[in-house]
Structure formats: structure tokens, C-alpha cells
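Please read the structure below before turning to the comments.
The values are calculated or read from the model by the stated rules, or taken from the named source; none is laboratory data. Keep in mind it's a predicted model, so treat the numbers as computed, not measured. When we count neighbours, we look across all protein chains shown, and the Cβ atoms used for this are built from the backbone with ideal geometry, even at glycine.
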Protein chains: 2
Amino acid sequence: MGGTDIKAGLVDARGTVLGMRRVPTPLDPARPGEAVLDRLAELKAELASEFPEAPAKAAGIIVPGIVDSVAGVGIYSANLGWRNFPFKAEAEKRLGIPVAFDHDVRSAAAVEHSFGGSKEFNDVVVMVVGTGIAAAVFSGGKAVTAGGFAGELGHAQVPDPDAAPGATGSTILEAVGSAGAIAKRYHRASGNTVDGARGVLLRAGAGDSVAARVWDDAVDALAFTICQCVNIIGTEAVVIGGGLAEAGDELLEPLRKRVDGILDFQRRPQLIRAQLGQDAGLLGAALNARAVLGGAQ
Amino acid sequence: MGGTDIKAGLVDARGTVLGMRRVPTPLDPARPGEAVLDRLAELKAELASEFPEAPAKAAGIIVPGIVDSVAGVGIYSANLGWRNFPFKAEAEKRLGIPVAFDHDVRSAAAVEHSFGGSKEFNDVVVMVVGTGIAAAVFSGGKAVTAGGFAGELGHAQVPDPDAAPGATGSTILEAVGSAGAIAKRYHRASGNTVDGARGVLLRAGAGDSVAARVWDDAVDALAFTICQCVNIIGTEAVVIGGGLAEAGDELLEPLRKRVDGILDFQRRPQLIRAQLGQDAGLLGAALNARAVLGGAQ
């Protein structure tokens, strides 16, 4: 479930997705949690009548924001509007089946980490760099959750490239290093409108110095945060997904160089492009649901 | 074992330390590991003749630097001079008893975390702020080691208060936020010599604006790094020990305020003064040794 759309489907024992659909997320400021649950109950009924031979045995629901998956509570979501909503308990009431409730990026990242390029590493950060920046952190092979408060890399402080001369200002990673920020900062600095971060990268390649500076600022900011992870928790691999990862080596090569320049005696982290893409979330939710059933379904 | 002294003693089943002594650390650039092991063998023989009724059953050795406690290898120590020295295996040969080999601050921090003010928390960072800055990181109640590479908070990047005007420079936490850096930066800025960080704090209290700025810079840098921990791994408590923690609330109060100013929706970490002081290292080493024997000795 995202701030714009809900993607839903039935996932069978082999991981095949049946009847996948995408519907707008109902946003009701007065009852934000209840409104989406009503929609989920409708989706479940639709899928049940479409696939009468395959009734859902459990539901996996994943959402953005701060999620306490142990307590089953949506602590906070800026986009969806709830605070401390007992999502798991309420969803089980409406849907009548066991519910696994978890964080969207952490769930997708667990799939990426299990099946993607970082599976040989124990100390891993998976960053999803798109309009914003979300992340999942693994330490010693286990997800670090801290009651839902871990992985807020998008809100970690970085040096502010727009600080007033002489000031040592800082801002947050999301405001410089996200795909959204790259497009916005380029537009603000040049007056030109481009097709997102990809457009900025194209212009930089064509010799636009403002575009090149905005792209470099993003690389600097991402490298800064990656190095914080290395120093604090000894991160040995960073998987980068989301829209910005589509730049591939045009992102990863300068990023590796910048990380190498910041670090001293520390171990250099592998920087790896995510492999699973858009479906990792749905698969993660399905694996969460399967775990609720004891893993044997 | 530190860069200056080795502290050694026999620790009995109740945790009482017998025959504690402090001897200079032998520094031999040609054979840095072997030289200290020779000294350890002498210390063991001394203690054995002094306490013939209490022969050592195991040894706990803790050292600074990058330590792979699982492999028993001292990967790197700037102060002691070794690289990839197989400490545990070599020490067991010389001492003839099982050896637990681990990191000094992580071992002391584990004791601090088990018995000190943070024991009720699962996601904790213990920082030792003295001449340098070392740290131990706990996530979900477990020590984060990452093969010895975690906890390098002293080398994490922070905004550089001495950056040239207009530049967004960064430096490392240890260069601004350590007790050593506070004394050094004050001396550099004022020309005055003071009695360490404590002297700078006293001068700041007496109206010396240079001292106040240097102290504030240190608080800013420490707060910056603490907030990185909060955002990356959801740290809920930070224990501060080492020489700088002797400032007590004169350090913790402005630090809480600064951390609160940086964070947004995130959970505020508890900032707690370490309780165990100088002996935590020796106790940590003893507990490591006891664990090697299966915990029952």
C-alpha cells in the first residue's frame, strides 16, 4: 500500500501472483486507517469471487512510514495520515484471516537481500532512492528494526550544498540525494524543466554544468550517508534500488569513488544495484503472510 | 591492553580482582604482537607465583583497534602497530590456557550495558569519549560487530567547523567532539594552554567566548553523530563514558537540546552517563574469559 495506489493479488504456494490489481489508495483524514481497511476488504471479496478455488489463507499488508511489525501497529505515516493505528488487529477483524503487517521497504528489501546480489553478505543496507529515500538495515544477517524506527536514511543529516557561504549547514539526505530532489534542485537552479533525475543526468552528460553540479551533490550526499553506515555498523554491502538506480553505473561508479575518498582504514562496502524491482514489495508481503501461517503453506 | 599501559589481574568467580597491576605496553614496531604476548606471559607467571592457590583457567585479552573476535585476529591497531595478527592462537600457545580475544571498548560496553543505566534498552550505543572516541553498538539487545568494523563512531564524518568560508567541508567526529580535540582546538584558536577539555569548559563558564565556541562545536559534532545512529539503526539510548562524561550534565543537557533540535518525527534517544568507569574493561575481559570456559567457572 502506497500513498497513491494499493497493489493487491493472490499469491500461490509457488509465488505466482493471480489477479493482480492496482486501485487508488482511499485517503480519509478523519479515519485514515479504517478507510484503507474498507478498501482491502473489498479487494479480498473481489479476489475471492474471481478465484473461488483459491481462498486467501492469510494476508500480508505492507505500508510506508514507521511500522512496529511486532505489535502490528502503524506508528506514523506522513503520506497515509495515521498515528498509532492497530493495523494488524483491525485488519484481522475485517478480513477474517491472519494478517502479517509490516513495513513496505523492509519487506521488499528482505526479498531483495534473500534473492538478490547481497545474499552472501551479513551486514547490508538496502536503499530505495526514488521520490524520497527509504531503507532497510541488516546486521549480522538479521533485519534491524528498533521497533520500526531504524532505516530512516532519507532523514539522516548530510552537509547542505545550499548552505549560506561561511555557514556549516546541514540538511537531510532526501533533500539532496533523492531522484525527486535532483529534479527539483536542478529546476530551482536553472529554471529548466526536465524529465526527472534521468533528465538531469542526460543534461549533465551533454555539458550542462548546473546539471552536473546537482548530480554531483546527490552523489556526495548518498556517499556521505553510506559512509555513516560503514562507520557505525560496519556495512559491507549497499544495495541501491528505486528510480535512481536505473542510472546504473552512471550512479554507482562515481558513488564508489566518492565513498572510497571519504573512508580511511575502513572496509570499502560493495555497492550493488537492486535486481528485483517493482515486484519485490508484493513478494515480501506474501512471504510475510506465509510466515504468519508457519511457513508451510 | 592500551597503547600506553597493560592492566592485568586475576578475577575470581565473584568478580573480585586480585593482584591488579599496571605495566607499560611494550611497543616493538618489528614484532608488535609478539612483544606484548611476551609481556603477558610474564604477567601470568607473576600472578601464578603470587597466587599459587588460584591458577588462571582462561585469559581475557582486550585491545583497541579493529578486532575480529570470532576469528581471534587483531586486524588493525594504529596505536599498537599490528595488522592481521592471529592474537588468540598465538596467546593460547604462550599462555597455555584458553584465550578470549576481543575489542576493549566493546567488552567494557557490554559490561556497562548489562549492569549500567541502559540495561532496559535494546538499541543502544555506548560511546567512550576521551583522547579519541570509540564506541560499541547494540541492536535488538545484541552487539553489532560486523567482523570488527562496527562502532567506528570516532571516524564518522561530521560538518567541519573550521571549513573555509563557502565550503561545505566535513571532518571526523574525533577531530571535533573528543576531549582531546576540545583541548587542542581551544589551544589553536586562543593560544592559551588549559588543563584538557575540563579546562576549556571552566573557561567557557567564566565567559571565554572562544572556549564556549569550541565546547559548542564539540556538542554539535557529538549530536550530529548521535542523530546518525538514531536515523540508521533507531538507537533508543546512548551511554556516554570516558573523560568527557565527567562533565556530567554540563555535557548532557546541551547535547539533549541539540539532538532534539536536529531530529524531527524520530524517537528521542535517552542520553545516559556511563556508571562503571575505569574497571569496566577489566570486568569485560574477565567475562569474555569466563564465556570461553562455558560460563560456569
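Things to note:
- Members of the range B:1-12 that are part of a strand (DSSP E or B) and surrounded by 13 or more Cβ atoms within 10 Å (Cβ to Cβ): B:6, B:7, B:8, B:9, B:10, B:11
Let's see how each residue does on (1) in contact with a strand residue (DSSP E or B) (Cβ under 7 Å, 6 or more places away or on another chain); (2) surrounded by fewer than 19 Cβ atoms within 10 Å (Cβ to Cβ):
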residue: B:30; (1), (2): no, yes
residue: B:42; (1), (2): no, yes
residue: B:68; (1), (2): yes, no
residue: B:73; (1), (2): yes, no
residue: B:81; (1), (2): no, no
residue: B:85; (1), (2): yes, no
residue: B:97; (1), (2): yes, yes
residue: B:101; (1), (2): yes, no
residue: B:110; (1), (2): yes, no
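- Residues located in the range B:249-264, provided they are at pLDDT 95 or above and in a loop (DSSP other than H, G, I, E, B): B:263
- Picking from residues in the range A:262-276 that are surrounded by fewer than 16 Cβ atoms within 10 Å (Cβ to Cβ) and free of Cβ contacts under 8 Å to residues at least 60 places away in the same chain, the one that is farthest from residue B:155 (Cα to Cα) is A:268.
- Matching option when the condition is free of Cβ contacts under 8 Å to residues at least 24 places away in the same chain and at negative phi, among A:246, A:253, A:236: A:253
- For the range B:180-190, the condition holds for at least one residue, the condition being that it is of a type in the set (Gly, Ala, Ser) and farther than 23 Å from residue B:277 by Cα.
- Wholly within the range B:139-242, helices (runs of 4 or more DSSP H) carrying at least 3 residues that are touching a strand residue (DSSP E or B) at 6+ places or on another chain (Cβ under 7 Å): B:174-177, B:209-233
- Residue check, residue A:120 more than 11 Å from every other protein chain (Cβ to nearest Cβ), more than 26 Å from residue B:148 (Cβ to Cβ), out of contact with any helix residue (DSSP H, G or I) (no Cβ under 9 Å at 6 or more places or on another chain) and among the charged types (D, E, K, R): no
- The single condition from (1) within 11 Å of another protein chain (Cβ to nearest Cβ); (2) within 14 Å of the chain's Cα centre (by Cα) that residue A:131 fails is (1).
- Residue within the range A:187-206 that is among the aliphatic types (A, V, I, L, M), in contact with a Gly (Cβ under 6 Å, 6 or more places away or on another chain) and not assigned by TED's automatic domain parsing to the domain that holds residue A:76 present: no
- Inclusion of residue A:204 among residues that are touching a Lys or Arg at 6+ places or on another chain (Cβ under 9 Å), more than 14 Å from chain B (Cβ to nearest Cβ) and closer than 26 Å to residue B:170 by Cα is warranted.
- Restricting A:154, A:140, A:234 to residues that are closer than 24 Å to residue A:117 by Cα, out of contact with any Lys or Arg (no Cβ under 9 Å at 6 or more places or on another chain), at the interface with chain B (Cβ under 9 Å from one of its Cβ atoms) and of a type outside the set (A, V, I, L, M, F, W, C) narrows the list to A:154.
- Scanning the range A:13-27 for residues that are surrounded by 13 or more Cβ atoms within 10 Å (Cβ to Cβ) and not β-branched (Val, Ile, Thr) yields a count of 5.
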